[in-house]
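The values are calculated or read from the model by the stated rules, or taken from the named source; none is laboratory data. Here the structure is a predicted model, which means the values were calculated and not measured. Positions of Cβ are generated from backbone atoms using ideal geometry, with glycine treated the same way; all protein chains shown enter the neighbour counts.
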Amino acid sequence: LLAGSPGMGKSTFAQALAEFYASKDKIVKTVEAPRDLILPENITQYAISHGDAQEIHDILLLSRPDYTIFDEMRNTDDFRLFADLRLAGVGMAGVVHATNPIDAIQRFLGRVEMGVIPQIVDTVFFVKNGFVNKVLSLKMTVKVPSGMTEADLARPVVVVDDYETGKPEYEIYSYGEQTVVVPVQDKGQMQQ
C-alpha cells in the first residue's frame, strides 16, 4: 500500500514501481480513476471510470497480470476490488490518501474483515515530500492486547510493526462490537 497526503509523491512512486516491474519482464496493468499515470506502451492502463468494478475484476482475473497498480483507491468498491484481487493472488499495489501511516490501514476497517487485513495489506509505504517517510508491516497473531493483563482477554490481534526496527507501533483488535486501533507504548514509557 502506498499512502500519503495529496501531492506528496504517491502516484510518482507507483509509476516508478510499475516501470520497474515491467523492466523485469513482468506483466503489469494499472487501474486508475482518472487515468493519469504516464507509462510505457507495454503497461496496460484501465480507467475504472469507463467501466464498473466487476468488469475490471473480470478482465484482470482473465488476463492474469503479475502486478496491478491501483492508483487512487477512494470508495468502498475500490477497496473491495483491491482486496478481492489481492486475495485471488494478483500482485497488488494500491495508492490511498492518508495523513499518517496508520490511517492508510484504517481506511480498510469496516470495508473488509479485520482478520484478513494482513493478507490484503502486508506492507505500507508512507510517502511524504517525495520520500518514503515510514514503512509499516502487518501480521496477525493471537495474544492479549498490550495494556491488558488478564490471560482470558486473548484474541486475534493485527500487529503493525515499524518495518525497519521490527518494534510494534499499533495493535488492531475487536473489543466488544468495536474494532479499535491502539498505539503500543513500550514498557519504559508506561512506567513514567
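Just a few scattered comments:
- Each residue in the stretch 60-100 was checked for being surrounded by fewer than 23 Cβ atoms within 10 Å (Cβ to Cβ) and under 19 Å from residue 181 (Cβ atoms), and 7 pass.
- Every condition in (1) over 29 Å from residue 88 (Cβ atoms); (2) modelled with pLDDT of 95 or more; (3) of a type in the set (Ser, Thr, Tyr) holds for residue 170 except the one numbered (1).
- All of 159, 135 fail the test of being surrounded by 15 or more Cβ atoms within 10 Å (Cβ to Cβ), touching an Asp or Glu at 6+ places or on another chain (Cβ under 9 Å) and closer than 24 Å to residue 92 by Cα, apart from 159.
- In this entry, residue 18 passes the filter for residues that are surrounded by 15 or more Cβ atoms within 10 Å (Cβ to Cβ), touching a Ser or Thr at 6+ places or on another chain (Cβ under 9 Å) and among the aliphatic types (A, V, I, L, M).
- Members of the stretch 100-117 that are part of a loop (DSSP other than H, G, I, E, B) and of a type in the set (Asp, Glu): 113
- Number of positions in the stretch 127-149 that are in contact with a helix residue (DSSP H, G or I) (Cβ under 6 Å, 6 or more places away or on another chain) and in contact (Cβ under 8 Å) with a residue 40 or more places away in the chain: 1
- Criterion violated by residue 152 - all others in (1) within 30 Å of residue 186 (Cα to Cα); (2) among the charged types (D, E, K, R); (3) in contact (Cβ under 8 Å) with a residue 24 or more places away in the chain; (4) loosely packed, with under 15 Cβ neighbours inside 10 Å satisfied: (3)
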